[in-house]
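The values are calculated or read from the model by the stated rules, or taken from the named source; none is laboratory data. This is a predicted model, so every value here is computed, not measured. Note that each Cβ is placed from the backbone with ideal geometry, even for glycine, and that neighbours are counted across all protein chains shown. Just so you know, the surface numbers come from the protein's heavy atoms only, side chains and all, with ligands and any DNA or RNA stripped out. Shrake-Rupley method; radii C 1.70, N 1.55, O 1.52, S 1.80 Å.
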Amino acid sequence: AAGRRVLLLGEGNFSFAASLCEAAGTHVVATCYESQEEVSRRGRAAESIRRLRDRGAEVVFSVDCTKLKDYFRPEKREFDCIYFNFPHCGRKAGVVKNRELLARFFHSSAEVLAEEGEVRVALCSGQGGTPADQPRREWHNSWQIVAVAAGAGFILSDVHPFNAESIRGYKCTGYRSQDKSFCVEGALNHVFTRSTPLPYSRPLLCQIELESQKVSFQVPQVLVDKINRGFLEVSSNHPVRTVKEKLTAELSQAFPFQNTDDCLSLLHRGRPDGVCHSNVFWITLSPEATPSTEEMSHGLAKAVLFSHVDFCRDTDESGWVKVQEGRHISEQYCLRPSLLPCAQALIQRGAFVPGTLHVLSGPVFRKCLITPFSMPVFHEMVFVCAVDKGTENSYIQMLVSTIQTSIHSLHQAVSSFKLNISLQEATSFETTERNDSAAFASQLSNVQYFIRVESHASGSCVGVISTAPYERVSSELVVIFASLNLDLLAMLICGISDWRMLWTSDTRFLRQFPRGELRLFKSFSLYPPSYVHDVSFWVPDGEPFDEVAFHTIARQVSGEMVISIQLIDSFQQSETGRRSLCYRLTFQSCDRALSRQEVAEMQLLFRKEINQSLRVTLR
């Protein structure tokens, strides 16, 4: 790109910089740690420096890579790319000292790098400690480059071989601080980019209109960054919306069709059928919708106003809904755990026409254990239709066939790998798969089929189908309910291995799907570091331990950075009967830099929260 500014650090004989400066539109600033006098004694250095200066490049000596801002005026600090080839503390420095050097270098680079810039670090075979190294060193014996870079807010976005032979005139030098070459066979170039910062989620109030009364509630903290994201809106390019629109188009061609998204309430009154009380996000409605000055000063965020028709859009001058004082709301409400109650309510209305396929879609919310395919929020698509008794099986086959055609059509445009979509009877479904499918099936009393999608890399149940008699109208009619997880479908079609990536705020995600076009996803954060912490505690006497609440607290305090929770020990005192549990938590981000220090702070907060909320006694 024109005007691209490139900074090179730790040059030995400047042969790499001399090769790079030949690129058109690139301004090179080449530096080394040694003085000009020391460099002049190195073979070929003088010739490379002359070539650099002839081409308008800057050559600077005695530059400390850990204090870069000291060498450049503020207006000269915005480098588009920083190269540091084969950094080393010198002599026989071990891995710990070299990690420290890299840590200080990355912090220094962050101060002189353009916002969209990149840092390129070449390391000898095995030094980086990532799976890209072959052979791979044990983590403790490597330079742990992804963890070190994360401490300065960088993520590894690409890694590829360092081909010294392809660099014209390049000759490595500097072995143990001497004018000697070293082996670069198997060396790797690590390309780092800035991470979006870890989110600080302020408390958030949501305002709605309920039975002509304007009320508000505080959004559960674990959902603050996921509420009202608008993935399914017309202006959205999100892959989840693309999957939904493709399904809608295919189904509307095959069946009489009615879309009923606009009348869905975010809240469910009372206890949802088939859902465990502990798996629901209960909320407290309040008529006091205007925050106090004190609340605003403590960071209480302005309310989210939803676009559904049953949600309020009118506010007073402060942007907050005014409500009648003294009104008390005694009913229990929760965030909807499924759209199936909405579908069941739909068939009771006069507008429900037998033979027409009615479709509802939107986000649903439920507490769940932390597993790779368990999501506290996902976009559900529900189909409901009444058909003549005896024709339901053929109708289900037609429905599934249309869904299969739609999914295959989407996937063929993305990848040459085949997706296998199967309809399996509930009686033959594996127990482990049933558990994964609980998010769909829990509100269906007569589940008959599970819809499973398998790719070359993974597979999952993405939906369920159920039937029920339609006695309100005729004993000769049967209602068919079907539910699909749009998020899981988007993941399997686009090769997205982590559900959290669908909710990232990093613009590099949606850039891969221009105008909603589905493509095979390429992660912009490779080999993210993981950190392990254990926690042990005494469970309160005579009380069952709420493991779902335990996992939900982990999600909340870490901002979904906990990817695994394992029970590794359970102990009961024979004398007192007291029970002790020990869990192992694994922290890892899929899209952001996550440092060891940040994880340690999360773990401390987690211990505090489980002590207060679950009344456990920490050990």
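Each label was represented as a point 7 Å from its Cα along the Cα-to-Cβ direction; for Arg349 and Asn237 these points are 3.4 nm apart. Scaling against 2.2 N^0.38 Å puts the C-alpha radius of gyration of region 531-618 at 1.13.
Dividing the Cα radius of gyration of region 91-212 by its Kirkwood radius returns 1.19 for Rg/Rh. Over all Cα atoms in the chain, the spread is summed up by Rg and Dmax: 29.2, 97 Å.
Rounded, prolate or oblate, given the Cα gyration tensor of region 451-558, with a/c below 1.5 counting as rounded? Oblate shape, in that a/c is at least 1.5 and b/c is the bigger or equal ratio.
Which three numbers, in whole Å and largest first, are the semi-axes of the equivalent ellipsoid of region 4-194 derived from its Cα gyration tensor as √(5λ)?
Working: eigenvalues 114, 78, 50 Å².
That gives 24, 20, 16 Å for the three semi-axes.
Looking at the chain, the DSSP beta bridges with both ends there are about 75 percent antiparallel. In terms of the Cα gyration tensor, with a ≥ b ≥ c the square roots of its eigenvalues, is region 10-90 rounded because a/c is under 1.5, prolate because a/b exceeds b/c, or oblate? Judged from the Cα gyration tensor, region 10-90 comes out oblate (a/c at least 1.5, b/c at or above a/b).
Of all beta bridges DSSP finds with both residues in region 4-194, what is the antiparallel percent, to the nearest 5? Show your work: numbers first, answer last.
On the way: 13 of 31 bridges.
Of those bridges, close to 40 percent are antiparallel.
Distance from the Cα centroid of region 378-415 to that of region 1-41 is 60 Å (rounded to whole angstrom). Annotation: amide H-H contacts under 5 Å for Val60 (H modelled 1.01 Å from N, sequence separation of 5 or more, or interchain): Ala30, Thr31, Cys32.
Place a point 7 Å from the Cα of Lys418 along the Cα-to-Cβ direction; which residues of region 450-490 have their backbone N under 13 Å from it? Only 454-456 pass the distance filter. Kirkwood radius and radius of gyration were both taken over the C-alpha atoms of region 566-615, and their ratio Rg/Rh is 1.11.
For region 509-523, backbone phi angles converted through the Karplus equation (6.51, -1.76, 1.60; θ = phi - 60°) give residue-by-residue couplings of 6, 5, 4, 7, 10, x, 6, x, 5, 7, 9, 5, 6, 10, 5 Hz, Gly and Pro being listed as x. Residues in region 4-194 average 47 Å² of solvent-accessible surface per residue, probe 1.4 Å, ligands and nucleic acids excluded.
Please list the helices of the chain that count as membrane-span-like by this rule: a mean Kyte-Doolittle hydropathy of at least -0.5 together with Cα atoms stretching 20 Å or more along the helix axis, each helix being a complete DSSP H run.
Numbers: long enough: 95-109 (21 Å, -0.09); 239-254 (23 Å, -0.44); 392-412 (30 Å, -0.12); 596-613 (25 Å, -0.86).
Counting only whole DSSP H runs, the qualifying helices are 95-109, 239-254, 392-412.
For Thr196, the residues 5 or more places off, or on other chains, whose built amide H falls under 5 Å of its own are Ala593.
Rolling a 1.4 Å probe over the protein heavy atoms gives region 531-618 an accessible area of 48 Å² per residue. 3J(HN,Hα) along region 183-200, derived from phi through the Karplus expression 6.51 cos²θ - 1.76 cosθ + 1.60 where θ = phi - 60°, amounts to 6, 10, 5, x, 5, 10, 9, 9, 9, 10, 10, 5, 8, 5, x, 4, x, 10 Hz, with x in place of Gly and Pro. In sequence order, region 501-508 has phi-based couplings of 5, 4, 9, 5, 8, 6, 5, 5 Hz under the Karplus curve 6.51 cos²θ - 1.76 cosθ + 1.60, θ = phi - 60°, and Gly or Pro positions carry x. The share of accessible area on the chain that comes from carbon and sulfur is 47 percent, using a 1.4 angstrom probe.
The length gained by stretching the chain between Ile568 and Ser401 to full extension, at 0.36 nm per residue less their Cα-Cα distance, is 55.7 nm. Estimated purely from DSSP H runs of n ≥ 4, each contributing -39500 (n - 2.57), the mean residue ellipticity at 222 nm for the chain is -6500 deg cm²/dmol once divided by its residues. Charging the Cβ of each Asp and Glu at -1 and of each Lys and Arg at +1, and nothing else, the dipole of region 4-194 about its Cα centre rounds to 440 debye.
Between Ser212 and Glu47, the modelled labels are 9.1 nm apart [label points 7 Å from Cα along Cα→Cβ].
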